[in-house]
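Engineer: Supplied in structure tokens, the structure appears directly below.
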Amino acid sequence: MSLAVVERWVEAPLRRFVEDAQAVLALLLTPSGQVLAQHGFTRAVDVMSACALAAAIHASSTELGRQLQGRPFAGLHHAGRRRQLFLARADTPRGPYVFLTVFDQASSLGLVQLYYDEFTARLGDAAPPKANDTTEILAENFESELDRNLKLLFSR
Amino acid sequence: MSSSSPFIPSLEHLTRQRGVLGSLVVSETDGIVIDAVVQPSVKAPVVAALAASLYRRARQSAHAAGLGGVKYLELVADGGRLCMAGRDDLVVVLVTDTRVGVGLLRVELLRTAAELPE
């Protein structure tokens, strides 16, 4: 399984999700687009693009949900002809993350939603508490952080 | 669930049978609930996702073995049964306890599945 993580605590919950849901691709990122873990990608540039797009879609759909119903949408599903996409927020004690997964006929939306709920619970249990000295990723160091994470994911 | 759904009368009829804990109409492809009449103890979205997956695999297995389509699928567990019958992408799923009269229920389930819209 081509699974790689930047932070170790993410690995077990993500591995379990990918196995249970039979996901083709999976990506965990911060709302700002910093990658934390990936499964199924073979090129860093694809992870970078997917993170940027997922963060943008998440920001747009969150705001759209707020405008329409006063709170963010719980998740977003897009059905393609052969592959489908599921995008949702995952809250942990360490902060919110964005989860993107792609699946095909081997799985289904119902299975992905079911195992996504279990994944977020496991992720919440595994997440270490947010460190006091954690600095928010600022615009000036965003690119260097992204490069560092991509190198971590694809150097093993 | 909306009471105006065309599935509700059939599902209510099935759920009134002795030993039936719930009945659901599920999309086989998506594994999501289309309509359901279930007791509070039945987790409809979870049952729908897993039962649809099971039914799909059974259909693929029957096809691979050259047996044609699946007419009826029954899973016997310690505490009851899951009974399924489908038409096109729709699957009717019954969750029962051990007191259920399987013969009559199977007839009712197959009748309901046959009446599903194409």
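Engineer: Could you work out the local net charge near B:Y72, counting Lys and Arg as +1, Asp and Glu as -1, over the other residues with Cβ closer than 14 Å to its Cβ?
Structural biologist: +4
Engineer: Okay, next question. Run the paramagnetic zone check for B:T98: 7 angstrom along Cα to Cβ, then residues of region B:72-86 with backbone nitrogen under 15 Å.
Structural biologist: Those under the cut-off are B:76-82.
Engineer: Oh, and also: Can you check what the net charge comes to around B:Q39, using other residues whose Cβ is under 14 Å from the Cβ of B:Q39 (Lys, Arg +1; Asp, Glu -1)?
Structural biologist: The answer is +2.
Engineer: Here's a follow-up. Tell me, what HN-Hα J-couplings in whole Hz come from the Karplus equation 6.51 cos²θ - 1.76 cosθ + 1.60 at θ = phi - 60° for each residue of region A:29-40, using x for Gly and Pro?
Structural biologist: Here the 3J(HN,Hα) series is 9, 7, x, 7, x, 7, 6, 10, 7, 8, 9, x Hz.
Engineer: Compare the peptides A:94-106, B:70-82 by average per-residue count of other Cβ atoms within 10 angstrom and give them in order, highest first.
Structural biologist: A:94-106, B:70-82
Engineer: Using only atoms on other chains, find how many Cβ atoms lie within 10 Å of each Cβ of peptide B:42-51 and report the average.
Structural biologist: 3
Engineer: If you don't mind, there's one more thing I want to ask. Using only atoms on other chains, find how many Cβ atoms lie within 10 Å of each Cβ of peptide A:103-110 and report the average.
Structural biologist: Across the residues of A:103-110, the mean count of other-chain Cβ atoms within 10 Å is 6.
Engineer: Here is a further query. Dividing the convex hull volume of the Cα atoms of region B:11-114 by its residue count, what figure in Å³ per residue is obtained?
Structural biologist: Given the Cα convex hull of region B:11-114, per-residue volume reads 92 Å³.
Engineer: Let me know the mean shielding of B:25-33 by other chains, meaning the per-residue number of their Cβ atoms within 10 Å of its Cβ.
Structural biologist: Shielding by partners across B:25-33 averages 4.
Engineer: Show me, for region B:29-46, the HN-Hα J-couplings you get by feeding each phi into the Karplus relation (A = 6.51, B = -1.76, C = 1.60, θ = phi - 60°), rounded to Hz, glycine and proline as x.
Structural biologist: Ordered by residue, 3J(HN,Hα) equals 5, 8, x, 10, 6, 8, 7, 7, 10, 9, 6, x, 6, 8, 7, 4, x, 5 Hz.
Engineer: While we're on this one: Within a Cβ distance under 11 Å of B:A52, other residues only, what is the Lys/Arg minus Asp/Glu net charge?
Structural biologist: Net charge around B:A52: 0.
Engineer: Sorted by mean Cβ packing within 10 Å, highest first, what order do the peptides A:37-46, A:20-29, B:42-51 take?
Structural biologist: Values: A:37-46: 17.3, A:20-29: 21.7, B:42-51: 20.2.
Final packing ranking: A:20-29, B:42-51, A:37-46.
Engineer: If you plug each phi of region B:11-26 into the Karplus form 6.51 cos²θ - 1.76 cosθ + 1.60 with θ = phi - 60°, what whole-Hz ³J(HN,Hα) values come out, in order, with x for Gly and Pro?
Structural biologist: Running phi through 6.51 cos²θ - 1.76 cosθ + 1.60 with θ = phi - 60° gives 5, 5, 4, 5, 6, 6, 5, 4, x, 8, 8, x, 9, 9, 9, 10 Hz.
FYI, it's all coordinate maths here, none of it is from the lab. Only a predicted model underlies this, so the values are computations on that prediction, with no experimental measurement involved. All Cβ positions, glycine included, derive from the backbone under ideal geometry; neighbour counts span all protein chains shown.
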